[in-house]
Amino acid sequence: MDRDPTHRHPAPDSPDGRFLKDLEEGMIGIKKSARDLAFYPPSHPSLIQSLDRACQGLLGLLTRESPLTITVLRDSLQYGK
């Protein structure tokens, strides 16, 4: 895929850069919870903890930006409108 050479990524320590890092971590947390759903029985404490972490992470993102638009592609996620 060709990238626009004028596109700039936000600095990691900027508010936008921090949000993108938190968004990435949140999506990884959701993926881990999906894997845990397949591995643990429904009442297992590790599954409950995993789902709680994923929900709290997503709620934290939604308090900073709502609506949160994420497009799911075959090999990636796209954030934005």
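Where a number appears in this text, it was derived from the coordinates with a stated rule and is not lab data. Nothing here was measured: the structure is a model prediction, and the numbers come from that model. Cβ sites come from the backbone with ideal geometry, for glycine too, and all protein chains shown count toward neighbours.
Summary of values
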item	result
Furthest towards positive pole of dipole, Ser50, Thr71, Tyr40, structure part region 15-79, Cβ charges	Tyr40
Percentage relative contact order, region 15-79, counting C-alpha pairs under 8 Å, at least six apart	27 percent
Summed side-chain charge close to Asp52 - residues other than Asp52 whose Cβ falls under 13 Å, Lys, Arg +1, Asp, Glu -1	+1
